[in-house]
1. Does residue 84 count as surrounded by 14 or more Cβ atoms within 10 Å (Cβ to Cβ) and touching an Asp or Glu at 6+ places or on another chain (Cβ under 8 Å)?
2. Does the range 108-159 hold any residues that are among the charged types (D, E, K, R), at pLDDT 75 or above, buried (at least 17 other Cβ atoms within 10 Å of the Cβ) and not in a strand (DSSP E or B), and which are they?
3. Between a first residue in the range 24-37 that is assigned to a helix (DSSP H, G or I) and a second residue that is among the charged types (D, E, K, R), which pairs have beta carbons less than 6 Å apart while being 6 or more apart in sequence or on different chains?
4. Condition (residue is in contact (Cβ under 8 Å) with a residue 40 or more places away in the chain and under 17 Å from the mean Cα position of the chain (by Cα)) applied to the range 49-67: is it met by at least one residue?
Amino acid sequence: MAYIPYGFVQKQDDLFVDPKPAEVVQAIFHRYSNGDSLGGIVDFLFVQGIPSPTGQERWTRPAISKLLSNSKYIGYIISFEDYFAVQVDKGNRSNIDEDTNQRKATRYSSHNVLSGLLVCAECGAYYRRITRPSGEVVWRCANKVEHGKKGCKNEPSISETTIKEHICITLNIAGWDEEVIRSSIERILIRHDGSLEIDYKHEMRHILEY
């Protein structure tokens, strides 16, 4: 019997999307794109009571990694853009340099300070970090990415460079400083015209008002 990827079901000689497992696949891609580690996703699935494809109570890290690299999901469960972004992210997170096959001197940090800060003013969903095939990094409403205009009418994809420049200017800091960003900003609303509205944490509001 041919291998049937998780998220699909075979009917006669054809494969069809199996709705509930497909939602799990989308959740795995979504969580990885937003900074979750393989272990974090394993824990998430365990807490949610979602068994592995083999029926085990807990998934394994290799199973999650293999799922994230399965190109059969493209166009059926995951968009090409999201799939490609995850492959780039997986490469960045690896502690092995593919050119030299040597261990990298520094490890990749999966957490991005902007994750959980950027919020769509239209629908309230978080913005998702996406690496385009050109290499450009942009942020886009997760509802819009997953469901199109039915999920959200908010159009703008915002370049990460533009976001960082705006924040640095607004906070009057010379360069990107994750600790300053984390301690100063509560959230950033993305308006339909692409403008950014920053909500500061209480301590920072006090300083600015003063």
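1. Against the criterion (surrounded by 14 or more Cβ atoms within 10 Å (Cβ to Cβ) and touching an Asp or Glu at 6+ places or on another chain (Cβ under 8 Å)), residue 84 does not qualify.
2. Scanning the range 108-159 gives 122, 144.
3. 29/82; 33/128
4. So far as the range 49-67 goes, yes, one or more of its residues are in contact (Cβ under 8 Å) with a residue 40 or more places away in the chain and under 17 Å from the mean Cα position of the chain (by Cα).
The values are calculated or read from the model by the stated rules, or taken from the named source; none is laboratory data. Worth saying up front: this structure is predicted, and the values here are computed from it rather than measured. Here Cβ is always computed from backbone atoms with ideal geometry, including for glycine, and neighbour counts include all displayed protein chains.
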